[in-house]
Amino acid sequence: MGYRTTIKNINSVGHLIEGNVYTFLQQSVSSDEMLRTNMEFLDKLIRRTSEQFYMSEKYWRGLRGDLDYLQHDWQEMRHEWERAREYWERSRNKFNGGEDNLDLFLVENERLLNYLQIISRLFSRCKVKSILLPGFDNQNPINSLLTRENILERIVQIHPGDTALILQFEERFNKEDKAILNVFPKFDKALHQMDNWPGVFLWNKDDSLFLPIREENELYDIFKVIRYEDNSFNFLRDRFERKNKTKNYAYLFHLSDLHFGNKLAEKRTMRVVRILEDQIGKLEEDAVIIPIITGDLMQSPSSTNKQTFLQFSELLLSKGFEKPIHILGNHDVDTSGLFKLLTNQKAIISSLSSTSKIEIYEDLKLAIIKFDSNTGGELAQGKIGEDQLMEIGNEIDAIKNKESYTFIALLHHHPMEIENPNWYAKEWYESLLGTKTFEKTMKLVDAELFLEWIQSRGIKYVLHGHKHIPKIQKHQDITVIAAGSATGSIKHQDKGKTYLSYNLIKYDIDTQQPVSISIIAEEIIGAGTKNMLLHLI
């Protein structure tokens with residue numbers, strides 16, 4: 001069975017394929033944009049079913065009963081959906097959002113829920129599901145091939161019924177489609193391989209895999225294997241995945257703002273370790289894995305808090321990480337994180353600092369610069385300063401063949417302003433000061449000079465923390481990557497939720513360049529992480 005859909009609808013289709021009707025509804029009512037997107041998807045599905053579905057006449061007749069019901073009731077269901085949306089908005093205001101609201105929403109709109117379950121069954125009846133994924137290179141003929149309607153029809157001839165569901169995009173990817181939001185969980189593996197697209201992503205109840213496509217015949221061979229081989233996924237791994245493995249990767253786990261000494265952060269330590277360990281299990285066995293922590297290791301500088309951080313570092317080592325690279329944040333050098341009180345904390349700070357400002361990984365041709373942004377400014381502000389720029393400049397110039405290295409700069413304070421996302425809840429003092437005034441108490445005061453220095457040095461990547469909000473931004477040709485709080489030390493709009501997050505940077509060892517950045521977060525502790533955004537560099 002084949003189905004053509006749009007790029008913006010892939011998450012809606014994905015959730016319904018997986019039977020995640022609850023998640024589909026939750027996503028739909030999360031914003032006006034998501035509601036509009038999902039309504040358009042349902043409109044096209046119901047009104048154009050014969051144009052979008054591809055299968056043999058035998059199997060098509062088997063779907064007609066469900067489809068006739070859907071088409072007959074669709075106009076009335078549209079009005080019911082709109083009424084449900086209005087109810088949701090009223091209940092959100094009354095009950096302050098959260099899962100309880102969605103439960104109330106479903107109680108009041110059970111007929112809508114049943115309707116979506118019918119649609120879900122249309123997709124989920126196939127044991128193997130697949131998505132044809134074109135890449136971003138306009139010169140690669142395979143990318144246009146994978147969106148052609150006649151190609152889907154040819155694959156459906158191999159799977160005319162419910163042996164496999166083949167999803168095909170109606171359009172090519174544009175540059176703005178490089179960042180894909182709120183993906184359904186099983187799609188993570190395909191996103192992880194985004195730099196290797198075009199290809200085919202396959203999944204079933206127990207397994208999933210992504211297979212790069214280099215020639216048209218490989219596409220048909222994949223679907224013949226699925227049709228005629230019992231142990232098809234393992235067979236495909238042997239024949240395709242290992243044959244096409246030509247790249248070697250390292251992974252940088254960008255963490256920040258741990259705030260050990262804060263009771264909530266320490267309570268979540270083992271959860272953080274478990275999340276990171278789970279992520280390692282999804283990577284290649286021989287991959288180099290480097291944790292980078294951009295400051296605020298502790299809530300305040302003390303021997304006890306320092307020991308907690310060192311124990312956390314040892315835990316990471318025991319799980320297969322390289323030795324963590326870290327820099328200090330304002331909380332690591334100030335007793336409150338707000339006022340510059342460097343007295344008896346100097347010994348603690350000194351013991352966590354390193355003499356070298358640059359960490360070099362010779363095998364990776366990677367050099368990581370560690371800036372100290374705690375050298376000036378008032379309150380929680382930061383500053384790099386001319387002396388440090390000169391010192392690090394001298395250290396770079398002393399590196400032999402420095403042109404052969406990729407440099408990544410670390411600092412704690414943010415060199416670019418970060419807007420608050422929708423889920424973010426302000427602390428009382430931020431509300432008291434106002435957003436603009438509060439931002440002034442947090443910023444890097446010499447950010448413009450710092451970014452100009454980075455630009456002059458030809459450095460393309462800057463990693464930082466400080467504001468507890470993950471974000472990927474561009475300054476000219478520099479990618480500026482903000483980490484959230486790895487222990488979720490931040491307030492969420494919805495009661496009981498948090499935003500425990502880290503960034504995963506995929507580094508191609510052969511080209512000596514980062515190729516993608518994922519923002520990975522867990523909003524409900526223990527519920528599992530989601531790939532909130534994947535950015536292809």
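The values are calculated or read from the model by the stated rules, or taken from the named source; none is laboratory data. Predicted model, so just to flag it, every value in this text is computed and none were measured. Backbone-built Cβ (ideal geometry, glycine too); neighbour counts: all protein chains shown.
What the table below lists for this structure:
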item	result
Residue check, Asn344 more than 23 Å from Ser485 (Cα to Cα), modelled with pLDDT under 95, out of contact with any Gly (no Cβ under 8 Å at 6 or more places or on another chain) and in the same structural domain as Thr308 (by TED's automatic domain parsing)	yes
Among the candidates Asp238, Asp207, Asp296, residue that is farther than 17 Å from Ser501 by Cβ and either within 26 Å of the chain's Cα centre (by Cα) or modelled with pLDDT of 90 or more (or both)	Asp207
In region 408-443, residue modelled with the highest pLDDT [restricted to those that are of a type in the set (S, T, N, Q) and in contact with a Lys or Arg (Cβ under 9 Å, 6 or more places away or on another chain)]	Asn420
Some residue of region 149-156 being under 26 Å from Pro470 (Cβ atoms) and among the acidic types (Asp, Glu)	no
Residue in region 514-532 that is buried (at least 19 other Cβ atoms within 10 Å of the Cβ), more than 17 Å from the chain's Cα centre (by Cα) and in contact (Cβ under 8 Å) with a residue 40 or more places away in the chain present	no
Scan of region 458-492 for residues that are under 19 Å from His326 (Cα atoms), in a strand (DSSP E or B) and of a type outside the set (A, V, I, L, M), ordered by number	Tyr461, His464, Ser485
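Okay, residues lined up against (1) assigned to a helix (DSSP H, G or I); (2) surrounded by fewer than 19 Cβ atoms within 10 Å (Cβ to Cβ):
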position: Gly135; (1), (2): no, no
position: Asp162; (1), (2): no, yes
position: Leu202; (1), (2): no, no
position: Ile226; (1), (2): yes, no
